[in-house]
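Any read-out appearing in this document is the output of simple, stated calculations on the displayed coordinates, not a laboratory observation. Keep in mind it's a predicted model, so treat the numbers as computed, not measured. Positions of Cβ are generated from backbone atoms using ideal geometry, with glycine treated the same way; all protein chains shown enter the neighbour counts.
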Amino acid sequence: MAERQYDYIVVGKGLMGAAAARHLSAHSPNTALIGPDEPSDRPSHVGVFGSHYDEGRITRILDPDRIWALLAQRSIARYRDIERRSGIPYYDEVGHLAVGPRPDGSEDYVARLHAVAKELGVVYETYEAAALRERFPYLAFEAGAVGLYQPHNAGHVSPRAQVRAQTAVAAQQGATIVRETVHTVRQAGGGVEVSTEEGHTYHGAKVLVAAGGFSNTKQLLPRPLDMTVYARTVVLAELDQAQVEHLRGMPSVIYHPQTDADRCYLLPPIRYPDGKSYVKIGGGPLDRALRSLADLVAWFRSPGDAQDARHLTELLRTIIPHLRPVSLHSESCVTSYTRTGYPYVDLLPGGRIGVLTGGNGSAAKSADEIGRMGAEMLRAGQWACDLDAAHFRAHFGGMGHRGDVYDPARLSQAFLTQQLVDPGRFGRLEGRIRVARIVQAQVVARPVVQIVEDPAKVDGGRTPKTYRVALGLRSPRLTKMR
Ligand SMILES: Cc1cc2nc3c(=O)[nH]c(=O)nc-3n(C[C@H](O)[C@H](O)[C@H](O)COP(=O)(O)OP(=O)(O)OC[C@H]3O[C@@H](n4cnc5c(N)ncnc54)[C@H](O)[C@@H]3O)c2cc1C
């Protein structure tokens, strides 16, 4: 059944899609935002899911990557206005602490944080080992760790409430909110036809596909994006009131210790819809790609990976030694990594269908600026942002083929890691050497990455090996180290 004709349709009522709909509807009230609400019963839900079904996402400008820092800075500057206009609070400015090893040539995480923060005029404080313990006595990090603390314009957002706030403002501006699931987007006549599983068809002069980790499912795009969706597990520790008081003032934390497998992030105590307060920890290696709609749905219905949950629980006990949780449980989520390490914000040939996806595990805080870029691009029919379009260009099909050219200056750590953690891809890259399961992929010096096999996965009594991989060449070069 044919229904209304819209100027703009956004597919996906998640963090990026709701933001884009707010920006588009500021120019045309004849905008539709199509996507389902969060399922009420996750384990039995058989439809699509989103990566924003939570109460805590870290927000910060401190970032080793200048582009990501800029996207965050621009978004954070608008949080309070969106809260005021929607009447929905979603931002808690408790500050952010980034902790890493002292820069020593091979590890430049902290050095890059300093450099980007200085360039963007971010106000922050630096704490060396003893001062770090004194300033945050309830947190414990490895010897020699350095902390950069951003007290303002940082803390955490509720991704659920942010989507509600963006959607509310879009609706105030006249946008139509359609709580349906799209199965097909296709060019038809001079516009685009959007068909939903509920049996309705909507017509848009232009359509933006912002379906997160589900963007490559159903027939939302004519060709699959070059994007890998990874299964992620988080652990939530329920705290009693005394523990919440003990951690009062705790900032959101990102921790990069020497051991890559122990990289993690923490959210301070946050009250959840069940009325309880939880500290959350997430992180760990990106080693499980979800390749089909069935895989995605099954993962979202699960409580996450039990082994990852155990590892995260141990890390939590190490970082907050005095924590005495009332209960612990794990949850599942997904992150979508692009070839570039930045979101894809691009128009398909013909200029009527745009893509807006690929959060690379970092887009919650920056979704408003990413949504604005997508909205401006769709309106103008071309790139319409001051940042270089090349960063946000969509790539399609597979990746990591022999002969690909990687510009080392452009490669983000996320991208390098993504290239190497997927054994299937790695096999394609190198042909002769198959790595059973990579447990560590560490940038040791750009563009050289060190990877380590998982001994548990090595069959036939072979000894696990460490390899070095040089990217940035016409064909990535791999050297066996031992
Ligand atoms: C565990 C975890 C922790 C994270 N922590 C942080 C953090 O601390 N800070 C940070 O900045 N970022 C963080 N992120 C990343 C952030 O949550 C994502 O980058 C962000 O959610 C991506 O936004 P999106 O709009 O692309 O996807 P989503 O928020 O997932 O939205 C996609 C929407 O599309 C809808 N959809 C899917 N298919 C269809 C369809 N066929 N028809 C209609 N609608 C459809 C879904 O229902 C969903 O609402 C984290 C992610 C995870 C998983």
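The string of couplings for segment 131-137 from the Karplus curve (6.51, -1.76, 1.60, θ = phi - 60°) is 5, 5, 5, 5, 6, 10, x Hz, one whole number per residue in order, with x for Gly and Pro.
Highest mean first, the peptides 339-348, 247-256, 80-89, 28-37 sorted by other C-beta atoms within 10 Å per residue fall in the order 339-348, 28-37, 247-256, 80-89. Take each peptide in 57-68, 355-366, count the other Cβ atoms within 10 Å of every residue, and average; sorted highest first, the result is 355-366, 57-68.
Highest average first, the peptides 384-394, 222-232, 39-49 ordered by how many other beta carbon atoms sit within 10 Å of their residues are 222-232, 384-394, 39-49. Which of the residue pairs K276/K365; K118/K365; K13/K118 have a Cα-Cα distance greater than 26 Å in the structure shown? In this structure, K13/K118 lie more than 26 Å apart at Cα. The Cα center of segment 1-21 and the Cα center of segment 192-267 differ in position by 19 Å. Inter-label distance, R223 to R102: 5.0 nm, where each label sits 7 Å from its Cα along the C-beta direction. Between S44 and S292, the contour length at 0.36 nm per residue exceeds the Cα-Cα span by 87.5 nm. Separation of segment 60-81 and segment 316-377, taken as the distance between their Cα centroids, equals 13 angstrom. Relative contact order for segment 54-196: 34 percent, from Cα pairs under 8 Å spaced at least 6 residues apart, divided by residue count.
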